[in-house]
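Below you'll find the structure, written out as structure tokens, and then a few comments.
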Amino acid sequence: MTVLVILAAGLGSRFGGNKQLAEFGPQQLTLMEYNLINAANAGFNRVIFVIRPELEQLIRQQVINRLPEGIAYDFAVQTFDDLPSGCTLPLQRKKPLGTAHALWCCRELITDSFAVINADDFYGKQAFVLLLKQTTDTPNDYLMVAYQLQNTLSDFGGVNRGLCKLNELNYLTAIEECEQIKANDQGVSGVLSSNNSPIELSSEYLISMNCWFFNPDVFLALEQAISELLTSIKNHRLDVNQECYLPSVVMQQIEQKQRKVKVLSTADSWFGLTYPQDSKQVDEKVTALFAKK
């Protein structure tokens, strides 16, 4: 497994533009590129960018000629035309179909196991090393790299995170959505999405940040989930702009006992781009990590 899929088709609505192409740090590179530096050093040798059609030329001009040596690349385009057989999309739909659909759109480019990350997040060095090492130990399992809660918080207010629940063998049993997570004088607190109840959290609680390893059979699960979503929208059981999220498909696989997901934990810091004010902090963090010695 030496293929890395980068989900880079997002609209960046809250950021105000194409955040996947924002440049930071001493080398003025995108977060995608800093991740690729670490991925290449770990042993990855191919990247697939999942993009909107209008981004291809921009990425070719800005990113491709700066890829680490030895990294091959492909583009997979996420469009409303690329849907499972028999599926249609309502004409009034404007938003992308979500991360599950984005990943499904690269199915024809993949024949072996692969890793997946977001384009607008930074995952550190250890995640890529962990993924390559673990695939030799548990080749039939899916994998997820989880981060300690304290290493994913924002200085600009509360954040939403997926709290990982594990069994005694470190396999994922659930991802529980928690909102408004922030540090205070007493520790870290948030609000559980399921019942709107407050909760005190350990700073070392493991969090899902969309860093995965899959086998190609995941595309069948993705296709089924997308088909079910579009059927529900067509039958007016779901809102026309409802999205199909990758973690939800993974959890469905676990609940149906189709796959197990081994959770690998890292002490590295994660950071990402959501709002324009995140840019300054991201630039400072990238500079600290990649400044030339």
All conditions in (1) out of contact with any helix residue (DSSP H, G or I) (no Cβ under 9 Å at 6 or more places or on another chain); (2) surrounded by 14 or more Cβ atoms within 10 Å (Cβ to Cβ) are true of A72 except (2)
I'd like the residue in segment 247-278 that is polar (S, T, N, Q) and within 19 Å of the chain's Cα centre (by Cα) and, out of all such residues, is nearest to L21 (Cα to Cα). T274
For segment 239-251, does any single residue satisfy the condition of being at pLDDT below 95, part of a loop (DSSP other than H, G, I, E, B), surrounded by fewer than 18 Cβ atoms within 10 Å (Cβ to Cβ) and acidic (D, E)? yes
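Among residues belonging to segment 184-211 that are assigned to a loop (DSSP other than H, G, I, E, B) and charged (D, E, K, R), point out the one that is nearest to A267 (Cα to Cα).
Residue satisfying both the conditions and the ranking: E204.
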Go through (1) of a type outside the set (A, V, I, L, M); (2) crowded, with 19+ Cβ neighbours inside 10 Å; (3) closer than 18 Å to V145 by Cα and name the single condition N41 misses. (2)
Inspect segment 181-199 for any residue being more than 21 Å from the chain's Cα centre (by Cα), surrounded by 13 or more Cβ atoms within 10 Å (Cβ to Cβ), touching a residue at least 40 places away in the same chain (Cβ under 8 Å) and over 20 Å from V261 (Cβ atoms) and give the result as yes or no. no
Please work out which residue is farthest from F24 (Cα to Cα), limiting yourself to segment 54-72 and to residues that are in a helix (DSSP H, G or I), of a type outside the set (D, E) and over 20 Å from the mean Cα position of the chain (by Cα). Q57
Considering only residues that are over 17 Å from L192 (Cα atoms), free of Cβ contacts under 8 Å to residues at least 60 places away in the same chain and either touching an Asp or Glu at 6+ places or on another chain (Cβ under 6 Å) or among the charged types (D, E, K, R) (or both), which ones fall in segment 149-173? E168
Flag if A76 is under 23 Å from I59 (Cα atoms), touching a strand residue (DSSP E or B) at 6+ places or on another chain (Cβ under 9 Å), modelled with pLDDT of 95 or more and not basic (K, R): yes
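The values are calculated or read from the model by the stated rules, or taken from the named source; none is laboratory data. Fair warning: this is a prediction, and the values are worked out from it, not measured in the lab. Positions of Cβ are generated from backbone atoms using ideal geometry, with glycine treated the same way; all protein chains shown enter the neighbour counts.
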